[in-house]
Amino acid sequence: MIIEPRIRGFICLTTHPKGCEQNVINQINYVKSKNNPSGTKKALIIGASTGFGLSSRITSAFGSGAATVGVYFEKPPAPGKPASAGWYNTAAFETQAHEAGLYAKSINGDAFSDEIKQKTIDLIKADLGQVDLVIYSLASPRRTNPKTGITHTSVLKPIGESFTNKTVDFHTGVVSEISINQATDEEIANTVAVMGGEDWQFWINDLKAAGVLADGALTIAYSYIGPSVTEKVYRKGTIGRAKDHLEATAKQISEQLKDINGKALVSVNKALVTQASSAIPVIPLYISLLYKIMKAEGTQEGCIEQIQRLFEQRLLTGGTIPTDAEGRVRVDDWEMNPEVQAQIAKLWPQATTETLPDLGDLKGYRTDFLNLFGFDVPGINYQEDVNEMVEIPGLV
Ligand code: NAD
Ligand code: NA
């Protein structure tokens, strides 16, 4: 079929298999072009099909030569209906990994469930014995807690008071004011239940009890802090509470893994265009200003540049892993550079529908958004007929 983007608000209803494949190949080539530390031999990546999780899988495999098990929740294709992007990304990754002689298998299903955790443990036991790295990179608007059966839905709201600020519709370029009411206590608790550390803790409990964590195993989850302009809706809002919980969970898991010389850490990553971040108010305006500044400075990074740097310069140096005062690994250092943030603070009040095309990088935002779904990728002929019925070679 010939596939064109069909955009509805914050999502694109279609995806392009060849564009997704090319994105993965580009990430693999980037990793191969760098100096990569060895260290990871067998990695489990939870949330392995898009964003930071996909880049973590690629860096483990093509940087360290690791065997990888990926867990994700993606929609398979049907005739005339393309799969979700993570499906095609995973198909491309596993094809490339197998060609390179690397073990790569995956499980498609709800990572929050006990069933998928058990399936993953069975696969690790049968094929790898143990894993030495566990990446936890889920982003989801809801979670069913397997112990209670309750389904929690997250919200993106401020806490304590309502909040008004500017945002941009990145499709139309229209800058407008939005107001968001403060979250209720129940909404805060539900957001923490979805995006906090409880499920990460459940995974580690089960993996450890099953004996599939190697001596010295490392587990990493991803967090975000960001600037003062987004603070009320992000770090001091409901999602920030969930990130506080995730960061506290890292400390708890580290205690729990002491007897096997293991460790849990949170890495604070930079703001990037993903499906999740596009839906957060104010963030798209911030990202479009940030991209312009960082590109001009030569410090702009995508998911793969962030994760390759995280592995090479933070996690796998062979020395002590550097952290901030709260024990977090930081690869948001270039974003949070005071000079970069001073420019954001100066540009923020000036940004309007008329000025933003000059002040910010709306074009780069839109390209990155389309790229998530395999569109607007250089070198792809979008007039060409493509097979949407792609299979994932390592799918269990
Ligand atoms: P993403 O949407 O690109 O990836 C989410 C992954 O989770 C996908 O592989 C998806 O299949 C999987 N997933 C979602 N629900 C699932 C379920 N129920 N079962 C199994 N798999 C499921 O998101 P991302 O932006 O890469 O986010 C990953 C982490 O990084 C999140 O914790 C996020 O908060 C954090 N982070 C994101 C940014 C950013 O700017 N995007 C910045 C810093 C940190
Ligand atoms: Na991810």
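How much FRET efficiency would the formula 1/(1 + (r/R0)^6) give for Glu391 and Asn181, where r is the Cβ-Cβ distance and R0 is 45 Å, rounded to 0.05?
Values: r = 46 Å, r/R0 = 1.02.
The calculated FRET efficiency here is 0.50.
Would you compute, from DSSP H runs of 4+ residues alone, the mean residue ellipticity of the chain at 222 nm, taking -39500 (n - 2.57) per run and dividing by the full residue count, rounded to the nearest 500?
It lands at -12000 deg cm²/dmol.
Determine the alpha carbon to alpha carbon distance for each of Lys18/Lys236; Lys166/Lys295; Lys41/Lys270; Lys157/Lys292; Lys81/Lys157; Lys81/Lys243 and list only those over 31 Å. Mind dumping the intermediate values first?
Working: Lys18/Lys236 40 Å; Lys166/Lys295 23 Å; Lys41/Lys270 26 Å; Lys157/Lys292 27 Å; Lys81/Lys157 34 Å; Lys81/Lys243 35 Å.
Cα-Cα > 31 Å for Lys18/Lys236; Lys81/Lys157; Lys81/Lys243; rest within.
Please report how far the C-alpha centroid of segment 191-207 lies from that of segment 331-396, rounded to the nearest whole angstrom.
29
Among Ile304, Gln256, Ile283, whose Cα projects farthest towards the positive end of the dipole of the chain, with charges put on the beta-carbon of Lys, Arg (+1) and Asp, Glu (-1)?
Comparing the listed Cα positions along the dipole, Gln256 ranks first.
Distance in nm between label sites at Thr353 and Phe10, each 7 Å beyond Cα in the beta-carbon direction?
With each label point 7 Å from Cα toward Cβ, the separation is 2.2 nm.
Multiply the residue separation of Ala248 and Lys363 by 0.36 nm, subtract the distance between their alpha-carbon atoms, and state the gained length in nm to one decimal.
In short, 37.6 nm is gained.
Would you mind estimating how fast the chain diffuses translationally, via Stokes-Einstein at 37 °C and 0.692 mPa s with the Kirkwood radius over Cα pairs, in µm²/s?
Once the numbers are plugged in, D ends up at 153 µm²/s.
Taking the Cα centre of each part, how many Å lie between segment 1-25 and segment 71-136?
About 20 Å separates the Cα centre of segment 1-25 from the one of segment 71-136.
Run down the aspartates and glutamates and flag those whose C-alpha is under 17 Å from the C-alpha of Lys232, throwing out any fewer than 8 positions away in its chain.
List returned: Glu161, Glu177, Asp185, Glu187, Asp244.
If each of Lys263 and Asn145 carries a label point 7 Å out from its Cα toward its Cβ, how far apart are those two points in nm?
If labels sit at Lys263 and Asn145, their model points lie 3.1 nm apart.
Measuring from a point 7 Å past the Cα of Ala342 along Cα-to-C-beta, which residues in segment 213-233 have an amide N at less than 20 Å?
226-230
Set the Förster distance to 45 Å, then compute FRET efficiency between Ile2 and Asp324 from the Cβ-Cβ distance, nearest 0.05.
Details: r = 49 Å, r/R0 = 1.09.
Computed FRET efficiency for Ile2 and Asp324 comes out at 0.35.
Read-outs: derived from the displayed coordinates by stated rules, not from any lab. Note that the coordinates shown come from a computational prediction; the quantities given were computed from them, not determined experimentally. Don't worry about glycine lacking a Cβ; one is built from the backbone with ideal geometry, like all the others, and counts go over all protein chains shown.
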